[in-house]
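All remarks here apply to the structure that follows.
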Amino acid sequence: MSRKFHFSLLGRPVRSSLFYSFIASYLFVLFIPLFCAAAVFYRTEEKMKEELLHTNEAILIQCSQIIDQVFSELDTFNLNFALNSSVSTILHIRPPFNSAQRYNINTVIRKELSSRPNPSCLVNFYVYFAKGDFVLTPTANYTTDLAFEQLASPYFQSEAEWLDAISGAHFKTVLNADNNTLLYIQSLPYTGSAAASIVATIDKAALLSQLDSIEWVRQNLLLVCDREGEPVLSNHTGEEPAKDEGPGSVYLSEQTGWTYRLYMRSEYLASSSQPLHNIFLFFFAGTLAAGVLAAWIFSRKNYIPIRNVTHLLRGSLPAAEEKNELLYLDASVRKMLNLNADITRQLAMQQDQVRQNYLSRMLRGRIDLRYLDAHALALHGISFPKPNFVVALFRVDEYERYFGEMPAGQDEYPLDSMDFSLIMLLQELIQARYAGYVCEVNGVIASVINYDSLRVEEVAGQLAEIRSFVFQTLFIELTVSISAGHRSVAGLSDAYEEASLALEQSIFSRENSRNILQYVAGASQSHYGYTPEREQSLAGSLRSGNLEQCRAILRELSETCFAENALSSPELLHCFLYDIAATFIRAGEELGISEEKFDAGQFLNGMSGLRGTGQIESYLDAYAEKICGFVESGRESHNNRLLRIILDYLWENYADKNLSNDQIAEAAGISSAYLSRFFKQQTGEGLLNYINRIRIEQAKALLASPMRQTVQEIGQQVGFENSATFIRIFKKQEGLTPGRYQELKTRE
């Protein structure tokens, strides 16, 4: 039940009306400038955010420069300290140290430390000697336990933890000691094993005080993370936003590798865009209210005349489902016109279908043609004004090109569309020459041709032209047969049988002629030369796997039965083919061949579609080779042989940069598409992955050899096109680069 809206529109209740269409149209026009204004507003707001983000980025770079300056001073001092010849000499003295050596160490190191940088954020600065197990500062000499109490106990829980942190190899290492302190560590010397470590203790609060001197930073959120993404500094602890939140800016320092993020507080954006928000909302609400009122007034004014016209015409027009007044009028008129056109079209289509069905029944002998007169034919839209008749049959032999580049699978072809197009074209071509009609009978296209004084041979010649035109136009290859001539409609069923017999005889015709097949009356032989002796000989050859003997027997049968015309009727041909098929099937069952390798049903179906002796001979030869091949492969399966051929070829040709699936498939005697699928099924590994694995194994042997070849030379030697591909695949399989692998093998 449809829903009704119980309210009055200009004095009467309605479900839906043109009135609402008017209102909707006016409102739609109104919303166009409103939407444009909204787009301008949001674009302006985005532009403001972009400008704030540009300012934010500039401030963030300034913050990075302040912090980088501190570490730059430390880096410069450490480098000068490490390059000092006196320091370098001391670092290579081996313990235990005598008194003179200790004095020399203290004098030199403390002298050099006196020139250290002294930024306001630097708390402590000392050198730890791992070999002598002592610590030097610019003013004192400490043992490790005393140095821990004086310098490191606030930041580490134990002396062992502290020593573990500062010893070993460090290069510009920054450790987050606690919430208030950073440790900057540099091992000495820069290369080789570490003899000492320079340690600088940096106060986070002093570092942040320099940043907070910038008003923008003080009012917003600053977050500094190290190379591993761990937070190092924040000017608002506890308010650190997630990394994917905004608005904010991100800057990566090239000097330290630290990531700087500066997030603007939401109140900054709100305070800057609030006036613009207020203006837009006032404009939007005012314009919308005025537009709705105007839409209602103009819609009411324009609707009244149309409503009155609709009331006058309602009842005189055919019923329509539209409730809108204009659509109601349009639908009613269109419905009347379309109804008339549909009736005319359906009558024409039904008449054509009735005519084709009636012709099909006439040709198959379902209608007694002796009592058929012109009136009965006219009732079905058929007229034969000429005295002579022939029946022509068109069988589709090849149609792949008709479908362009569609897949070759017959089940995927839209055959209905092809049949319709072909029937229409043939009917047009035949009716241009004769009084004729076309229909489909038992899977072939039949045509009744009514002609005047021509001979059957002349009609066949014109059918050959039609066949050639169909091939040039639709790329469909046809086999055409034609009956003998008949003098009345009563002979149409006989003519159809004659054309069918001529078409069936094309199966065992040795000539692949383009001529029209004409019916020739004659007697048929009642026997053919497939004797029990020949059957036993063929079966024995199949069971023993003697392919040459099988082929000799099949050639003898072909020469006897086809060349000598022993099979002069379709019935004898069918008997001969199925006797041969029975011999093949029994041999397959006796050998125990699985259904996957020899499907009897598929074999029979394939035989039913054979055309010509050439196809029959090729088909039987292929299945004979298949059965004999099964006998010969008893000791070693086909898959094992094929896989061994492929693997041997891969190991012999892995270094070929141009090695491709087509080359491998050609060497194995299979298609490239089947190669990939077969290799994956047999090995569980993709073909390309297997080739790369061979190449990497050979490359590893070359990298480990005493011959110092470059990575690029080895990559080219094992078959990679360039060193980049070689390095990427090597690292993916081995977890390290070829250069690193060669270095490790050299050390061993």
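The values are calculated or read from the model by the stated rules, or taken from the named source; none is laboratory data. Quick caveat, the model's predicted, so the values are computed rather than measured. As a convention, Cβ positions derive from the backbone with ideal geometry for all residues, glycine included, and neighbour counts pool all protein chains shown.
Give me the residue from the stretch 198-236 that is β-branched (Val, Ile, Thr) and touching a strand residue (DSSP E or B) at 6+ places or on another chain (Cβ under 8 Å) and, out of that set, farthest from Arg110 (Cα to Cα).
Val217
I'd like to check something: does the stretch 486-505 contain any residue that is at pLDDT below 75, in contact with a Ser or Thr (Cβ under 7 Å, 6 or more places away or on another chain) and not small (Gly, Ala, Ser)?
no
Of all residues in the stretch 434-458, which are surrounded by fewer than 21 Cβ atoms within 10 Å (Cβ to Cβ) and hydrophobic (A, V, I, L, M, F, W, C)?
Listed by number, the residues that qualify are Ala435, Val441, Val444, Ile445, Leu454, Val456.
Can you list the helices (runs of 4 or more DSSP H) found entirely within the stretch 694-748 that contain at least 1 residues being closer than 26 Å to Asp648 by Cα, of a type in the set (Asp, Glu) and touching a residue at least 24 places away in the same chain (Cβ under 8 Å)?
723-734
Tell me which residues, restricted to the stretch 672-687, are within 30 Å of Tyr741 (Cα to Cα) and either in contact with a Pro (Cβ under 9 Å, 6 or more places away or on another chain) or exposed (fewer than 12 other Cβ atoms within 10 Å of the Cβ) (or both).
Listed by number, the residues that qualify are Gly684, Glu685.
State all residues of the stretch 646-671 that are touching a residue at least 40 places away in the same chain (Cβ under 8 Å) and surrounded by 14 or more Cβ atoms within 10 Å (Cβ to Cβ); if no residue qualifies, say none.
Leu650, Tyr654, Ala655, Leu659
Within the stretch 577-598, does at least one residue satisfy the condition of being in a helix (DSSP H, G or I), at pLDDT 75 or above and exposed (fewer than 11 other Cβ atoms within 10 Å of the Cβ)?
There is no residue in the stretch 577-598 that is in a helix (DSSP H, G or I), at pLDDT 75 or above and exposed (fewer than 11 other Cβ atoms within 10 Å of the Cβ).
State all residues of the stretch 64-90 that are touching a strand residue (DSSP E or B) at 6+ places or on another chain (Cβ under 6 Å) and hydrophobic (A, V, I, L, M, F, W, C); if no residue qualifies, say none.
Of everything in the stretch 64-90, those that are touching a strand residue (DSSP E or B) at 6+ places or on another chain (Cβ under 6 Å) and hydrophobic (A, V, I, L, M, F, W, C) turn out to be Leu74, Ala82.
Only residues that are in a loop (DSSP other than H, G, I, E, B), within 52 Å of the chain's Cα centre (by Cα) and surrounded by 14 or more Cβ atoms within 10 Å (Cβ to Cβ): list them for the stretch 160-200, please.
Answer for the stretch 160-200, where residues must be in a loop (DSSP other than H, G, I, E, B), within 52 Å of the chain's Cα centre (by Cα) and surrounded by 14 or more Cβ atoms within 10 Å (Cβ to Cβ): Gly168, His170, Lys172, Ala177.
Answer yes or no as to whether Asn118 is in contact with a Ser or Thr (Cβ under 8 Å, 6 or more places away or on another chain) and surrounded by fewer than 14 Cβ atoms within 10 Å (Cβ to Cβ).
no
Could you tell me which residue of the stretch 701-721 is surrounded by the fewest Cβ atoms within 10 Å (Cβ to Cβ), considering only residues that are of a type in the set (Gly, Ala, Ser) and either closer than 15 Å to Asn658 by Cβ or within 39 Å of the chain's Cα centre (by Cα) (or both)?
Across the stretch 701-721, the extreme among qualifying residues is Ala701.
Scan the stretch 188-214 residue by residue and report those that are among the hydroxyl-bearing types (Ser, Thr, Tyr) and closer than 30 Å to Ile59 by Cβ.
Thr201, Ser209, Ser213
Only one residue in Leu363, Leu415, Leu326 is at pLDDT 75 or above and either under 26 Å from Thr479 (Cβ atoms) or surrounded by 12 or more Cβ atoms within 10 Å (Cβ to Cβ) (or both). Which one?
Leu363
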